[in-house]
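Undergrad: Attaching a single structure in structure tokens format; questions to follow.
The values are calculated or read from the model by the stated rules, or taken from the named source; none is laboratory data. Just so we're clear, the structure is a prediction, and the values are computed from it rather than from any experiment. Positions of Cβ are backbone-derived with ideal geometry, glycine not excepted, and every protein chain shown enters the neighbour counts. Please note that ligands, DNA and RNA were not included when accessible areas were found on the heavy atoms of the full protein model with its side chains. Shrake-Rupley method; radii C 1.70, N 1.55, O 1.52, S 1.80 Å.
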Amino acid sequence: MKNYFLAALALVAFVFSAHAQQGVDETSFGKGLLNYTAKDNSFSVKFAPRFQVRQYSSWDANGSGYDKAEHGFLVRRARLKFDGFAYSKNLKYKIELGLSNNDLSGSNPYTKNAPNQILDAVIMWTFAKNWELWAGQTKLPGNVERVVSSANLQLIDRSLLNSRFNIDRDLGIQLRHKSKWSDNFITREKFALSQGEGRNVTSGNEGGLQYTARFEVLPFGEFAKKGDYSNSDLAREQSPKLMLTYTYNHNNNAVKTRSGLGSYMQLSDGSLYQTDINTTFVDAMFKYSGISVMAEYAKRVSDNPIAVNPDGSATGTVVWDGSAVNAQIGYLFKNNVELVGRYTSVDYAEVTSKADEKQYTIGISKYIVGHKLKVQSDLVKTFVGGENDNIQFRSGFELHF
């Protein structure tokens, strides 16, 4: 961790030193703490740290009511982000480091038991008009809620659908293309070939490779300010905008309980259990005049979900097969206060022995400088197996340079 801090400080010191000799681009709050372009236009770097602090109060159901509340505070995310171009404006890059405990969790022998500081380390090459080739570690083109940055959410955090079924980040390559069929009708195609075990793996590939394909249709043209991958209609779309998508992910010989996420399926002889896992997403994003709607469907199916040892005995580990739906709608008032409601339902396959979950969330946000400086709170009621499980009140803020 110390080395990452020192590296970040060294980079900032370098840019300030260069500023004294060659100048720095003008910037303002929300557009990066530092936004530097070389005098000969050979590279640029934007440094944009951000963090989120949360407060939560939680009441667990006890059959006749609710237990005494538990309260806590949390640094949910604290990140350092660098992006820009190198050598040519057609070759862009992004590096994002996570510093909070939540960002760093998940170490295991396959990551050399090291904290998971690196979120993104990817280059993006525009090699022809409307064609991009990505290489490195970054988010796969999965469900829209996951690809929306955690900085641009309209509720305190993402839904149960996302936490149970998303395909997250991985190491590999991606090919992306955009087709413009008319003034307004646009399609985008995204393909990824990746390792299949998530981020920061140093000893792989333990199973097979992972294949992802995503197809997006925008029948009314592109959203303002990339609003198709940002919650809330902060741009107040002047005409209706819609994105409809379909994603299919195949993880060949997957070795984790949630495809590229979850725990490794260890066997008694020290090897890993392997099974093909297929995940499907159908998403929609709609925005118009302060109204924003996001809807998702997810489904995961594995060939053989129950992990068994070489002698045929069950290990007790099971792939998290099942399906989920998530829908949320928000309205942004002219004073930049937004009201949001969300409904999420998770239905696990019977083989998992997990109880189904339902969750209702209502929230309110005040956007001071868009998503870059905002205050949020929400109230969440969760049912597990049809029974009251928990009520939670959450609040917090985002500060993003």
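Undergrad: Heavy atoms only, 1.4 Å probe, whole protein assembly: order S159, S88 by accessible area, highest first.
TA: S88, S159
Undergrad: If I ignore ligands, DNA and RNA and count only protein heavy atoms, how much of D378 is accessible to a 1.4 Å probe, in Å² to the nearest 10?
TA: 0 Å²
Undergrad: Normalise the Cα radius of gyration of segment 92-182 by 2.2 N^0.38 Å (N = residues in it) and let me know the number.
TA: Normalised by 2.2 N^0.38 Å, the Cα Rg of segment 92-182 equals 1.25.
Undergrad: Principal axes first, then extents: for the Cα atoms of segment 236-363, list largest minus smallest coordinate on each axis, whole Å, largest first.
TA: Principal-axis extents of the Cα atoms in segment 236-363, largest first: 65, 25, 21 Å.
Undergrad: Next question. How large is Rg over Rh for the chain, taking Rg from the Cα atoms and Rh as the Kirkwood inverse mean of 1/r across Cα pairs?
TA: 0.97
Undergrad: Consider all pairwise Cα distances in segment 237-288 and report the whole-number % of them above 13 Å.
TA: The proportion of pairs with Cα distances above 13 Å equals 68 percent.
Undergrad: Enumerate the lysines that K68 could reach by cross-link, defined here as Cα to Cα under 25 Å, with residues fewer than 8 away along the same chain left out.
TA: K358, K381
Undergrad: When each pair of different Cα atoms in segment 283-347 is counted once in the 1/r mean, what is the Kirkwood radius in angstroms, to one decimal?
TA: Result for segment 283-347, one decimal place: 14.9 Å.
Undergrad: In whole Å, how far is the Cα centre of segment 80-99 from that of segment 368-386?
TA: For segment 80-99 versus segment 368-386, the Cα centre distance is 30 Å.
Undergrad: Enumerate the residues in segment 300-342 having an amide nitrogen under 13 Å from the point lying 7 Å beyond the Cα of S268 toward its Cβ.
TA: Backbone N within reach: 308-316.
Undergrad: Less than 15 Å apart at the alpha-carbon level, and either on another chain or at least 8 residues along: which aspartates and glutamates does that give for K226?
TA: Qualifying aspartates and glutamates at Cα under 15 Å: E145, E216, E237.
Undergrad: Please report the Cα spread of segment 153-229 along all three principal axes, rounded to whole Å, starting with the longest.
TA: Largest to smallest, the principal-axis extents are 47, 32, 18 Å.
Undergrad: Moving to a separate point now. For segment 127-257, what is the convex hull volume of the alpha-carbon atoms per residue, in Å³?
TA: Considering the Cα atoms of segment 127-257, their hull volume per residue is 122 Å³.
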